[in-house]
Structure formats: structure tokens, C-alpha cells
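What follows is calculated from the coordinates using simple rules that are stated; it is not laboratory data. None of these values were measured; they are calculated from a predicted model. For neighbour counting, all protein chains shown are included, and Cβ atoms are generated from backbone atoms with ideal geometry for every residue, glycine included.
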């Protein structure tokens, strides 16, 4: 086999030489053309070479050649080489701009834009092709300058592009629209100028024209119900039909783009494309597109995802099309580009976000093992997608209760991901953990033993508030119905001082989660209530302060449930709650409790009434004193107003609390009248107290408790 | 939950066995031919089919002759076929550098936007270098041109690994990756380029005729389950064979 | 509808296993684990404590249908229960009597129960959590259940044509020795809305942006992958000679020549 090879004779000239030849003024025109062509052939398809030549300053050199060739305008001495030089240099510029932002930047910085636009009106069709292609490449980068459709001359120029017979020029028109049409004002302007109609007619053209028009149509109708309704109107005629036909086109990318157009219509205006037939068709076509070995196959799962995300009807149809099995089959085939894996997992995540049948199906397939394997994938996007998928699958109480997730194969890699360098992966992992630790099977200790709590507590100290809120969320769910041993362990890891700082976190969503965490901490065995008195009651005081100052209703709800859980303890606990609700005894300031009971949010009213139910339980010895305090603060009056609350739960709990306070609603009004009347009698020294006592006992009321106003009490009891 | 009162009663399987009366319909040869004759195919459609085949496969001269004789207009500029065929031929001859330059002259977008095709052309180029015993050049080429592509795409890396493995064998024709040196590898690459160019010209990359034949086989297979009829088994002659009863 | 049943309470009480022998009863604990008012769904576990045939308490997972007249009516329509069975069981709950006449007409489809102080449900056990299906118990039947919103008690009747009829379930909310009611809560995380997705018409090569970090090189393209190992072992006799020749000529290892420094990624000089 290999013998000594001769030194390569015509192997590509070293890059520097090539640039030298292009730059040199002494290079004859013919040789320059040759050098340009060589440069073109070296860089096409080759990122590394593009970057290398960029460093050597190739772009400005080529553009200056283009510039002088254009200036000669065929009138120079090198007539026969003029147009080929223009074509080759335009092609080189286009290739630099293709798929490389650094290239686009260099091309724009060197001032190629106006030169290339000049080529569009060149008489030679090949020059026009070359110019249009290069501009198209530039417009595919987000670095390209925004095209201002609002200027009339710009709109005219765009329409002339779309009207051109040259497919590359119409394609350029499409690229410009796709790149620069972002606002609804621009969308409407383009729609008014009749661009939609032109694009629809281009859908009948060549492949380039079809794809470019579909993409531009997408940009014009995206999230704009007004433009969509114009698109659907009969004067645009067969518009929808044409696009719908194209989802069956023979080119995969055309099919994908047509699907995307329909998805955009459906996702913006829910009144269109409701027919089950078209929904199923879209799903089946997208599924089939995932088979494509190229980029279309990578992108199809994302399109599928946007079609089904948050739409239960679509997810049901997709499930009936056996989509879970099909996607999992793809996974089992193995060895994918990261992008495709990410897409497939995100699509599976969307499928499993609502429907139990999808989750069950997925769990019954081997693909679940692939999911846990992928948690350690090289690409952070794939890791995050796998976590999101796991998060949605574990939204099933049924499977959580069966203990399907609380095992080493799942937990260990997930806990590892909490250390991930990529924030989005950490957040996604926290999401999955939050659900998995709900686990009803009493195996929560497994998670603790994997070092999960330690890391969650670390993340609860993160500077990133999203991480913080998700970490506390996970801790809260872990704390849900956990046994006392685990509770103790978690509490020690957390430390009271950290709980206090979480309750007082600047982010209200962290406060909410932290309060819910405390709520779960003190639930269960009555001993758990003691946790809230940690650090000499500082934690309880912090919660009390939040209740006084917070304004977000979710924070208040969790705060009230904490107090309610504390109030379900012993007498000492109940008194502590009273002290939080009525910080300054005897002051006239309205208690927060009144405000909560009058809240428009029934959840806050419910939480507050539950606390009152616990505080007024008749079987507790000091209940009378508490009821008196509540009454003097106007709470009992307020409860009375709530016995017909529109929210049934509030209504029933308010009645329960009132009943416990010894206030039978039926007799309340009557008693006030009697009391006031008796008072008058006393003042007038007509009757003695004995009479009043007998009246009160007649109504089965503890007299002191029922006195409606303090001064009355004073008068009656004082002497 | 509850006690089982009668476990035997709990689950009862009723297996229903259905005697399948397998009676296939038999269609005789005369009847079949009569039916076939009833189907009218327009001559122009037939001509279009032939023209589509010639154009897609790149038989320029035959297409030109056929155009003159049958008056069927090709759906693509015949001049572009010449360019395409030149590229195809260059690949088939193992002259990859030439082929790449020709594709780039035709349309620079093709290779810039199709990494897989570009990689396969470069891979073929490497294979040709190895075939010609240019070891050092092959290695330099693999390092400069192919290694970066492998870095961008995992599947390229695997293919590259297989190709470079050729260097390790003395008797390359008899090594585990020897099929890469086979002429069929060139043809594979050539047809990939051919398809990419056709696609860029908005033309179908496969001729319609083979698809029709595939459809014929599929339809016959479907029909087999329901009837016995004169099948076409030899596609090259298209002869009807008597149904086996 | 929001009711105290959403507070995921624990309940405890008894199930009368046989309608004849009044003394035979299991102690039963029920934990409500999840509720979805929109779909009329709730679920939880049921634990039977003193089952004579089992060594441990038997825990089952059940899923429930809330008779909200939107998702489910009083007619079961499955699980082997006829409308007569339905009526027969529902009428055992005193709180059902005002609804009876309408239910006879249409299963209660036209009733508005959103403010009714009782919640009617059917609980159907799905699987045994801690024992096998050979534990001697059956979960073939289901429970007709009535939850009282005012006192938080649960009453139910087990229905299975193959078991004793009208086994009565009586539950009260548990309080763990507290004087009052205490509630835990959990919240499952949903998917956040992702940025909308766009597909480009032109097929740009993968990797429009420069990679943010040095790509990790897991499989060096020569030498250490599985396939390579296979052919290495089979063909090293012939292969080695070739490799040596290359090394002799170029004075470098094959890996170095190609530019692969295993473990450090590719070093591509230009």
C-alpha cells in the first residue's frame, strides 16, 4: 500500500498567497478572476476556512474588487472579464455571509450592501442571480440591517422584487420580509400593500419561491388576528387552500413551512382550522417529517411542539394518532443530533403536560430509560429538555403514588444536574425534582440520602431569584406529608435563620413558597408546631410581619394557612397566633384579619376563616377570652356578614366559626336589641343585673362574650 | 377494595374462534387482459413519463431526440442537464475537485447549505486520494478539510473514522471498510449530487417511472391477499403470468 | 368550585365488610392526594388496617369521579353498574333524596350542584400500592361516596356484584391529636411557555452561531470507539503493518497526523 507520495503539486495554495494575489494591483485581471474562483471553492461549505480567510481580511479585498468592477460597468479594458469577476466576487461575499454571523458583519462593515443591491438591476441575469443570492444570505442573519417597510420607496422596491421573474430576486424579497417584519404595524402595512396576494401567487412558483413565500407569509400573519382574518377572506381566494395543499408537497421543507403557516393561523385565531381532519393531518405530517435525516427532521419536533403545546384537544388527537409510540420509536433508534433529541423530548413534554393517557403510555415504553440516560447528555439543551419532559410526566399523582420516579436511576442524575453549569438546566432539573419529591410512597428519605436536600438548600441561597423560587418550591413539596425523621433532617439542613430570610425574601414568589414550606413543616404530628417557635419565636414573628406588610394575595394566603396550622395546636400555640393577629393590644387600628375576611379573593377568605375556626374551637378552655378579643375587634360581626358568602366553603366555615363562638345567628340580632334595652333599663335603675343575666341565659348566651361593644361591657361589668 | 367472594367468577375469558372461510376470487387471464385493455392511457402522458425519466437521469441526447420525435417538451432547460451531467460524470470518474468547482459555478448555495452533501463529496475526495496511494496528501486533506466537519456533526465523525481506517490496511480491497473503495460508493455520491442539483432547480430528484413500478408491486401485494390474478413478476418484460390456483 | 375537599385531608374510619355480621369491620385510612375540579377528577390512597388475611396494612390507589353533572352524572355507565344499581346506592345517602326525582329523569345532568353542601363521587381503586394482586383482596368494584362540606365527613358504599352488597364506609377527617384543622399543600410544576419557534426557508448549515464553549470530544474519530475496537482486534495483523509504514514515513502517530489529541479536542492549524 502507501509508498512515498510525491509532494502535492496542485494542492490549494496557502491562504496568504491567495489573498496576496487578490490584493495585489499587479495581478492581471484574468489571474484575479482565477484567484476569486479558488477562494470561492475553498470557503464554500467550510466554516473553518471562512473564519481563517476572514482573519486575513479577505472580505474587504473582495469587495473592493467588486466595487471597481461595478464602476467599470463593462467599459473598462477588461471587458470579457468584467462580468465574471462581478459574479465570482458576489458569490464569495455570499458564501462568507452564509451561516456565519462574523462573515455577515465583515461584509456589512466593508460596505457591500449598496453594491449588491446595485447588481439586482444588472442586465446580465447571472449577475442578478449572484447579487440576489448574496443578499439573501445576508438577510438570513439577524445582523442584517432592518428594512424599513414604512418608507414608500422601500415598499415599492420590495414589490418590484416580488414581481420579478427571477426566482432568486423574488426569494430575496421573501427573505427581506422574513427578516424585517416584526411588529404588527409592519404586518398590516405589508398586508395593505397587497403583499399577501403576491406571496400566494408565488406559492405556485419554483421551490425557492414557494419556500420563501411560505416563510414570509408566516412572518406577516404571526400573532396578528387582523391580518389573519384578511388572509382568510374570500378575496384572497384560495389562500388557505393553497397552503393546505402544500402540506402534502413532495419537498419536506415545503411541507414543514406550510405546516408552520397553518400552525401560526391556528395558534393565533382559534376560530380557524378546527376541523378534526386537518388537525390530524398536521400531526401525521409533522410526525412523518421527523423521519427526514436532515435539518427538517431536526426542526419538525419543534413545530409539532408548538402545535400541541397547552392545547388539550390537539394533544388528545395526537395521542389517538399513536404519537407517543412513534416519538419513542425515534428515540429508540438512537444516535441523533442534539437538536433533534431536544425537539423530541420537548414534544413529548408537551404531550405529557395534561393528559394522563400520554404519561401512562410513555411510562410503559422503554423510552423512559432513554429519558433518564439523556439526563447526562453532553448538550445542555438536551439535558434541560429531558428534565422538562420528566417534569411533565411526573405531574401524574397516580404515577407518583405508585412510586415510579423515586428511584436511584432517576434521582441521582437529577441531583447531579442541580450542580450544572447551565442555569436553564438547573431550573429545569428543579422543576422535575419539585414534582418527583411529592412522592406519596414514604420514600422521600431516598432523595435526602442522595444529597438532594443539601443541594436544594444551597440553591435556595442563589442570587438568581428563579433558581431560588424553584428550590424553595421543591423543598416545600418534599416537606409535604413527610415523616418526622425526614422533617427533622430537612429542618436542620435549612436552619431557622435561613427560613426567616426566605420568608422575608425580596421576591414575593419566594416568600409565598417559603410560607407554604413552613405550613407543611408544622403540619402532621402536633409536635411539629414547635418548629415555628424556633429562634425564640423569630420565625413566627417574621411571618406575622409579612402578613402585616405583604400585598400579594398568594403570600397572604400561605401566611394565613401557617397561622391556621399553628392555631390547630395547643392553647399556647393559639395564643401565639392571637398575638400575631393583634400585635398591639387595645389599639384602635383595624386588624389585618378584617381586611383578609373582606378580601375579594375567596381563597384568602377561606384561609382566614379556617384560622378562626381553629381559634374559636369551643372545647378549649381559654376560647372564651379569645372570642371576646375577636369580638371586640369586630371579627364576629364580620363573620356574621359572611354566613351567606358566595363561596360555599367560606360560607360553611364562617358558620362553623360563629357556631363555635356561641353566636347562633338566629338569635344574634334579637340579643343585641335585648342588651341595649336592658342597658337602658340599668341606666334608668329600673332593673338590676340579675335580670340581664336571666335574659342572657334564656338565649343560651354567655353574657360577657356576647356584649357587642366594649363600652357596654364596661358599663355592665365595671361597677 | 373487598374480599373475593368467588375468585373463579372474577375473570372469565370467552375465546371466540371464527372459522375463516378463505375463498379467494380467481380472475382469469382473458378477463384480466380485457380489463387492462379497457384502461386508456393517453399517449402524451406516456411520452411525458418517458421524457421525465430521460431528463431526470440526465440523458440529454436521448431527451433531445425524443423531443424531436414525439414533440414532448421537457419540463426543464436541457442546457442545465448538460451542466448537471458534467458534475455527475466528474464524480463517477473520481475527479471530485472538478466536480465541486462545477457545482459551485452552477449554484454556490448548494454546497454552502447542504453540509451532508458537501461532506460526502469531500469524503469521496479522500477516498480517491487513498485509492491513488497519496497517503500524505490524504492525511493532510483529512486534517484540514474533513476533521472540522466531523467536529460539527457526530455522524460525519463516524463516517470519517471509517474512511480514515482505510489507511491502516495494506490490502485495502479486502479490509472491513473496503466497500468504500468500491465503484458503487462513487455512484452513491454521484446520485446524491445529482439529486441536490435537481432539487435546487425545483425539479423532482427521482424520476416518476420507478415510483410507478414500486406502486405496481405494492398494489399487486395488496391484491394477492384478496384474489388470484395474472401477476407481473418480471418487471423487465412486463409479462403476465397465469394465476396459480 | 372550590371546596374543603381540595385541602387534601386525611380521613380515617371504618368499612363494614359484611352487611350481615355487624361487628366485622376494617379500620380504614384515606388520604386525598390530588384534585382537578376542571376534569371532575380526584385521587388518593386507601389503607385497610386490620385485614385478617394480610400481614401488613393493604394500601390501594384510587381515582375518583366527582359528580359535578358536567364531567360526570349520577349514572355510572360502566364498571358493571346499571342505573338501578346507581339509584339504589345513591338513595342510601339521606342528602341525596332532594335530587332523586331529577336523577331518575336524566342522571342529574341538568342539576346545578356547584353550591350543594354535599359532594357525590365514585372512587375506583386502580392498583395495590404495597402488596401484590395475590393478596386475597379484590379491587374489582368501586365506591359510591358522599362528602359533607359542612362537617367534612365521608360516607360510602362499596359496590361489586361479586362481593357483599352495601359495605358501608364511614370516615372522619383526622387531626393528629390537634385541637383544630391543619393542612399541607403541594403544587406540581407546569411547563412555562416557551419562546415561539421559527423555521427558515433556506437550509442554513447547522451551527449558525459560534459555539459558546469548546466542544467536548467524546468519541475520537480514530482508535477508541467501539467499532474501531472491533476491527482492531480482527484485523490488527494486516492493519499494524500498514500503520507502521505510515508512521515510518511520516515519523508521527496516526492520531497526531490527523490532528487529534485524544481528550483535548481537535487542534486544527490552518
Legend entry - Three semi-axes of the equivalent ellipsoid, segment C:4-173, Cα gyration tensor, whole Å, largest first: 26, 18, 15
Inset, instruction - Calculate the length of the line joining the C-alpha centroid of segment A:335-396 to that of segment B:127-150, in whole Å. - result: 40 Å
Inset, instruction - Over the Cα atoms of segment A:135-220, compute the convex hull volume and normalise it per residue, giving Å³. - result: 78 Å³
Legend entry - Gyration tensor (Cα) of segment A:12-145, equivalent ellipsoid semi-axes in angstrom: 21, 19, 11
Inset, instruction - Just need log10 I(q)/I(0) for segment C:80-204 at q = 0.18 Å⁻¹, Debye formula, equal scatterers on the alpha-carbon atoms, no solvent, rounded to two decimals. - result: -1.13
Inset, instruction - Kindly state, to the nearest 0.05, the FRET efficiency for residue A:275 paired with residue B:40, given R0 = 30 Å and r defined as their beta-carbon distance. - result: 0.25
Legend entry - Relative contact order (%) - criterion: Cα under 8 Å, at least six apart; region: chain A: 4 percent
Legend entry - Angle between chain A longest axis and helix A:648-660 axis [Cα atoms, degrees, rounded to 10]: 20 degrees
Inset, instruction - Return the distance in nm (one decimal) between the two label points of a simple spin-label model at residue A:594 and residue A:124, each offset 7 Å from Cα along Cα→Cβ. - result: 9.0 nm
Legend entry - Hydrodynamic radius by Kirkwood, which averages 1/r over all alpha carbon pairs of chain A, in angstrom: 31.8 Å
Inset, instruction - Starting from the Cα of residue B:28, step 7 Å along the direction of its Cβ; do the same at residue A:572; then give the gap between the two resulting points in nm. - result: 10.7 nm
Inset, instruction - With a/c under 1.5 counting as rounded, go ahead and sort segment A:412-532 into rounded, prolate or oblate using the C-alpha gyration tensor (a ≥ b ≥ c being the square roots of the eigenvalues; past the cut-off, prolate if a/b is larger than b/c, else oblate). - result: oblate
Legend entry - In degrees, nearest ten, helix B:183-200 long axis to first principal axis of chain B (Cα): 90 degrees
Inset, instruction - Would you mind checking segment A:41-56 for residues with the amide N under 20 Å from a putative spin-label position 7 Å along Cα→C-beta of residue A:17? - result: A:41-44, A:49-50, A:52-56
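Rank-order A:107-116, A:439-448 by packing density, defined as the average count of other C-beta atoms within 10 Å over each peptide's residues, highest first.
A:439-448, A:107-116
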Legend entry - R0 of 51 Å, Cβ-Cβ distance residue B:155-residue A:641: FRET efficiency to nearest 0.05: 0.10
Inset, instruction - Work out how far the C-alpha atoms of segment B:77-200 reach from end to end along every principal axis, then list the three figures in whole Å, largest first. - result: 47, 28, 21
Legend entry - Within 10 Å of each Cβ in C:33-45, the average number of Cβ atoms from other chains: 3
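Normalised by the empirical 2.2 N^0.38 Å for globular proteins, what value does the Cα Rg of chain B take?
Normalised Cα radius of gyration, chain B: 1.55.
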Inset, instruction - Mind jotting down the distance between the C-alpha centroids of segment A:88-102 and segment A:241-269, whole Å? - result: 30 Å
Inset, instruction - Could you work out how far apart the two model spin labels at residue A:443 and residue A:536 are, taking each label as a point 7 Å from the Cα in the direction of the beta carbon, and quote it in nm? - result: 4.5 nm
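I'd like the mean, over residues of A:294-301, of how many other protein chain beta carbons sit within 10 Å of each residue's own Cβ.
Across the residues of A:294-301, the mean count of other-chain Cβ atoms within 10 Å is 3.
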Legend entry - For segment A:497-613: Kirkwood Rh in Å [reciprocal of mean 1/r, alpha carbons]: 14.0 Å
Inset, instruction - Kindly state, to the nearest 0.05, the FRET efficiency for residue A:241 paired with residue C:102, given R0 = 60 Å and r defined as their beta-carbon distance. - result: 0.80
Legend entry - Pairwise centroid distance, computed over Cα atoms, of segment C:119-182 with segment A:490-514, Å: 37 Å
Inset, instruction - Give the angle, between 0 and 90 degrees and rounded to the nearest 10, that separates the Cα long axis of helix A:665-683 from the longest principal axis of the Cα atoms of chain A. - result: 50 degrees
Inset, instruction - Over the whole of B:138-144, what's the average partner chain Cβ count within 10 Å per residue? Rounded to a whole number, please. - result: 6
